[in-house]
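Visitor: One structure coming up, written as structure tokens, with questions to follow.
Quick note: the coordinates plus some simple rules give every number you see, no bench work behind them. What you are looking at is a predicted structure, and each value in this text was computed from that prediction instead of being measured. Positions of Cβ are generated from backbone atoms using ideal geometry, with glycine treated the same way; all protein chains shown enter the neighbour counts.
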Amino acid sequence: MMPFTTQRKVRFQHCDPAGIVFYPRYFEMINSVVEDWFEEVLHHDFNHLHVETGQGVPTVSIETQFHAPSRLGERLRFELAVEAIGRSSLTLQISAYCGEQKRLTSRSTLVFMDLDSGQSMPWVEGIRQHITVDN
């Protein structure tokens, strides 16, 4: 299955005084990639999901390896692939590259939940179907 691919430009806001990406900013980029994937592939943008339906997908686990620094002005290619889907969880593998050089690898687990109760819940069929069919 083909991974979801998108690009991010390293901006001044992402960098420390040395002009390299400050590691917490990578987590913001990773979250924006997940958000784009939900909208473009799963057809459930975060506004609809979080605000209109009261459901969410918080990250409950994330493990990241930083392979090489990224610098101001570079374009990073992010690739997102589904590793596993459970009753209410989803494990994603996200990698970032500049050209062919790998910059980071991240494995994260999201949980589908009711935002009011804070309890996990089974994936709604419309989302689960796109996860298993499109990825």
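Visitor: Using a basic spin-label model with each label point 7 Å from the Cα along Cα→Cβ, how many nm lie between Arg11 and Arg77?
Guide: About 2.3 nm, to one decimal.
Visitor: A further question on this structure: Which length gain, in nm to one decimal place, applies between Thr64 and Gln101 when the Cα-Cα distance is subtracted from 0.36 nm times their residue separation?
Guide: Result: 11.7 nm gained on full extension.
Visitor: Right, next: Gap in Å between the Cα centre of segment 83-121 and the Cα centre of segment 44-61?
Guide: 13
Visitor: How do Met121, Met2, Met29, Met113 rank when sorted from fewest to most other Cβ atoms within 10 Å of their own Cβ?
Guide: Ordered by Cβ neighbours within 10 Å, fewest first: Met2, Met121, Met113, Met29.
Visitor: State the dimensionless ratio Rg/Rh of the chain (Rg: radius of gyration of Cα atoms; Rh: Kirkwood radius).
Guide: Result: Rg/Rh = 0.99.
Visitor: Still on this structure, please answer the following. Against the longest alpha carbon principal axis of the chain, how many degrees, from 0 to 90 and to the nearest 10, is the axis of helix 125-134 turned?
Guide: Helix 125-134 sits at roughly 50 degrees to that axis.
Visitor: Relative contact order for segment 4-134: what is it in percent, counting Cα pairs under 8 Å that are at least 6 residues apart?
Guide: 27
Visitor: Now a separate question. In degrees between 0 and 90, to the nearest 10, how far off the longest principal axis of the chain does helix 23-40 point, with axes built from Cα atoms?
Guide: 50
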